[in-house]
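Here is the structure we will look at, set down as C-alpha cells.
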Amino acid sequence: MRWTLIVPLGLALVGCAGTPKPKPAPPPPAGTQPTDLLPFVGFMEDSDSNGYRDTMVLTLLMFARNHAETSVYAEGTLDLRLVAKNGKVIREWKLPPDVVAGLAKKMPAGPTYFIRLSLLDDPAGDKTDEALADLQIAFSQGETPPIRTTATGITVGRVGR
C-alpha cells in the first residue's frame, strides 16, 4: 500500500521539473559570410496623414548556409528598390555600410536589421497612382556578387484603396 502512494507521487514530482531551457546557439565561425536574406515588411503607413501611404519598416535577417542556427551580422551596402507591379520604380534607397551597421540589433534569432523606409525622403513625395509594389533588396560586400531577394505584395498609394 505504501509503494502505491510513493511511486505516483515521485513520478509527479519528476514531471514538475519541466524541460530544461534550450542552450543558446553557438556564435558563427569566424569569417562566416551571409548567403541568404530573409525580409519581413510591415504595412505601409500614412505618417503625414495626407491620404497616401509613405512609410514602412523592413526587418531583415541574413543567414549563412554554413551556420543555420542563427542569423549573422555582416558589413556591407543595402540597395533597395520599391517597384510597382508594372515595373515603374517608385523609390530607391542606397544605404552605405556605416548606416547598415547602425541598424543591426541583437535579437533572439540573431542579428536583425530594422530599416525604416519613407517615400517622404525624396522630393517626389508619396503620391503615386500605383496600388501594389515589390521591394527588391540587394546586399553587397566588396567585389563579391550581391545577395538578392524580393518582398512582394506591398500596398502603396492611396489609403482606402
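The values are calculated or read from the model by the stated rules, or taken from the named source; none is laboratory data. Just so it is clear, the structure is predicted and the values come from calculations on it, not from any experiment. Glycine also receives a Cβ, built like all others from the backbone with ideal geometry; neighbour counts cover every protein chain displayed.
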Considering residues that are surrounded by 16 or more Cβ atoms within 10 Å (Cβ to Cβ), among the aliphatic types (A, V, I, L, M), more than 17 Å from Q141 (Cα to Cα) and in contact (Cβ under 8 Å) with a residue 60 or more places away in the chain, the number found within region 39-83 is 5
So in region 84-100, with the set limited to residues that are surrounded by 14 or more Cβ atoms within 10 Å (Cβ to Cβ) and among the β-branched types (V, I, T), which one is nearest to the chain's Cα centre (by Cα)? V100
Tell me yes or no: at least one residue of region 43-63 is of a type outside the set (V, I, T), at pLDDT below 90 and more than 26 Å from G157 (Cβ to Cβ). no
Go through region 142-151 residue by residue and tally those that are surrounded by 14 or more Cβ atoms within 10 Å (Cβ to Cβ) and either modelled with pLDDT under 95 or more than 17 Å from L95 (Cα to Cα) (or both). 1
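With respect to L135, determine if the residue is buried (at least 19 other Cβ atoms within 10 Å of the Cβ), modelled with pLDDT of 95 or more and touching a helix residue (DSSP H, G or I) at 6+ places or on another chain (Cβ under 8 Å).
no
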